Amino acid sequence: MKKIKSIFIYIIATIIIVLTSPLGFLYTAIKNIFTFRFLTWLTQIQSYFMVLVIALDQYANVMMRDLFNDTMLKKKTKTYPFGNPDDTIGFVVRKNSKKDNLTLFGKFLLLIIDHKK
């Protein structure tokens, strides 16, 4: 029963996030307009979205752990596996790259991740 409850809670949480995220962003923008901090907030918007990107990256690392572990890591020993909620996908890929444990797909993803640097 607990497993079914966990799945149900996950589905509800996902629906709530999808439906309320635009509302949360709009509220923050309007609040900053009416408190005369909008121009300050606009200069900080890059860091606002970067925090959201990191959170999504960590979410994807957990959500895709089995797929990524099976398709991006060569060896099952001496690897740093995907799935830790505090890690980003890029962190895990780079860590395994240093150990030469990436498959061709993992190396391709590393190339894409590090392309902008």
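Cβ-Cβ below 7 Å, separation at least six or inter-chain, first residue in the range 31-50 and surrounded by 10 or more Cβ atoms within 10 Å (Cβ to Cβ), second modelled with pLDDT of 80 or more: which pairs?
Within 7 Å, no pair qualifies.
Under the condition of being of a type in the set (A, V, I, L, M, F, W, C) and closer than 11 Å to Leu102 by Cα, which residue from the range 59-85 is surrounded by the most Cβ atoms within 10 Å (Cβ to Cβ)?
Across the range 59-85, the extreme among qualifying residues is Met72.
Can you tell me which residue in the range 86-108 is farthest from Asp70 (Cα to Cα), limited to those that are charged (D, E, K, R) and outside any helix (DSSP H, G or I)?
Selected residue: Asp86.
Output the helices (runs of 4 or more DSSP H) that fall wholly within the range 1-78 and possess 2 or more residues being more than 16 Å from Ile89 (Cα to Cα), or say none.
Ranges flagged: 2-34, 38-63.
The values are calculated or read from the model by the stated rules, or taken from the named source; none is laboratory data. The model shown is predicted, which means the values in this text are computed figures rather than measured ones. Don't worry about glycine lacking a Cβ; one is built from the backbone with ideal geometry, like all the others, and counts go over all protein chains shown.
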